[in-house]
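Read the structure below first, then the notes.
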């Protein structure tokens, strides 16, 4: 029995009519789905979106191109003053002492020493390398060079003298271990005369520590960017007007010039700090519809630890830049960082992809080591030709198509 409230009318349907009602509701529900069919897109206003889509280069296809190259950097602000050589690696250390006292003209330099403190950084990083020997000769810098701006490709061999002003061969192993190197007294005498008289005939452009064949490793001393208790120093014993005294002086500038020629493995590309090797990557945007909004982009790279050279003190981070001129290798300031998780590096790079989709020139992005100007960290990543597809560079793009009127 059916109970009715007073004044309430009950509406009944025949079976055919009920069937038609259910079909109509089904059609309406389909038409309100978040992801309309291509037919339905035509009826959305131009300012409406159609739901987030996901493009995954591991599932879909995207053409990626890569270029590995030396992107020379200046190491002036590094706390490492790296010198030595091994295999195909070589690094020279440059030092310029400035603001020397102006009252030491006519002094007789009895002895002079360059004092360096070892920083317990060595490259490569095998345990045997910590006991490796470095050996170098010291020469004058013969040309006026701005240590804050020069790079390896802007300095030729003619910038350095050929007459040794001192030398060192040894195996520093302990942090802050002191190394005292006797310098040519005439060299230091000229520095003091130049400080007293700017017109003195011999300029002071500094010295270069140039490794020789007896080096088996590259090692770092503390640079001018470190504390006064460990930075490079000269100790000069001099006599003037019959009085003998000792000058201690540590006002200086330093930088290193590192070089290497790397042969990439068939399935890898290198990022090498200091030298420095970087990777320029470009992505084909043709699969992303024009006018879409880029919600998120992840570039994922897989590190091959076995062919990388990183230490416990290495900066494991990577950075990236928007390339404005791939021919001249020009970039904007670094705008995104790589997040490390195990052997995976993930870059979140929304802005470059949106700019390319908005018809800015697609010159790609450049991936660089986080310590690019500081040390010699070597990263080895799997490239687009890796035999294991799961290790190739991966792009995941979340985007929202937008209707054009």
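Answer with yes or no whether residue 190 is closer than 19 Å to residue 233 by Cα, over 33 Å from the mean Cα position of the chain (by Cα) and in the same structural domain as residue 249 (by TED's automatic domain parsing). Yes; evaluated as a whole, the condition is true for this residue.
Looking only at residues in the range 212-237 that are assigned to a strand (DSSP E or B) and over 17 Å from residue 117 (Cα atoms), the one that is nearest to the chain's Cα centre (by Cα) is 236. Once the range 365-405 is narrowed to residues that are under 30 Å from residue 91 (Cβ atoms) and surrounded by fewer than 21 Cβ atoms within 10 Å (Cβ to Cβ), the residue that is farthest from the chain's Cα centre (by Cα) is 373. Determine whether residue 302 is assigned by TED's automatic domain parsing to the domain that holds residue 384, over 15 Å from the mean Cα position of the chain (by Cα), buried (at least 18 other Cβ atoms within 10 Å of the Cβ) and in contact (Cβ under 8 Å) with a residue 12 or more places away in the chain. Considered against the rule, which asks whether it is assigned by TED's automatic domain parsing to the domain that holds residue 384, over 15 Å from the mean Cα position of the chain (by Cα), buried (at least 18 other Cβ atoms within 10 Å of the Cβ) and in contact (Cβ under 8 Å) with a residue 12 or more places away in the chain, residue 302 comes out as yes. Does residue 307 qualify as being touching a residue at least 60 places away in the same chain (Cβ under 8 Å) and either touching a helix residue (DSSP H, G or I) at 6+ places or on another chain (Cβ under 7 Å) or surrounded by 19 or more Cβ atoms within 10 Å (Cβ to Cβ) (or both)? Spelling it out, it is not the case that residue 307 is touching a residue at least 60 places away in the same chain (Cβ under 8 Å) and either touching a helix residue (DSSP H, G or I) at 6+ places or on another chain (Cβ under 7 Å) or surrounded by 19 or more Cβ atoms within 10 Å (Cβ to Cβ) (or both). The range 63-177 holds strands (runs of 3 or more DSSP E) entirely within its bounds, and those carrying 2 or more residues that are crowded, with 20+ Cβ neighbours inside 10 Å and either in contact with a strand residue (DSSP E or B) (Cβ under 6 Å, 6 or more places away or on another chain) or at pLDDT 95 or above (or both) map to 80-86, 89-97, 108-123, 134-140. Does residue 336 satisfy the condition of being farther than 30 Å from residue 88 by Cα, surrounded by 16 or more Cβ atoms within 10 Å (Cβ to Cβ) and at pLDDT below 95? When the stated conditions are applied, residue 336 passes them.
Count of the range 278-300 residues, restricted to those that are out of contact with any helix residue (DSSP H, G or I) (no Cβ under 8 Å at 6 or more places or on another chain), in a strand (DSSP E or B) and under 19 Å from residue 363 (Cβ atoms), is 6. Would you check if there is a residue in the range 390-403 being in contact with a strand residue (DSSP E or B) (Cβ under 6 Å, 6 or more places away or on another chain), in the same structural domain as residue 67 (by TED's automatic domain parsing), under 30 Å from residue 219 (Cβ atoms) and assigned to a strand (DSSP E or B)? No, the range 390-403 contains no residue that is in contact with a strand residue (DSSP E or B) (Cβ under 6 Å, 6 or more places away or on another chain), in the same structural domain as residue 67 (by TED's automatic domain parsing), under 30 Å from residue 219 (Cβ atoms) and assigned to a strand (DSSP E or B).
The values are calculated or read from the model by the stated rules, or taken from the named source; none is laboratory data. The structure displayed is predicted, hence computed values, not measured ones. Here Cβ is always computed from backbone atoms with ideal geometry, including for glycine, and neighbour counts include all displayed protein chains.
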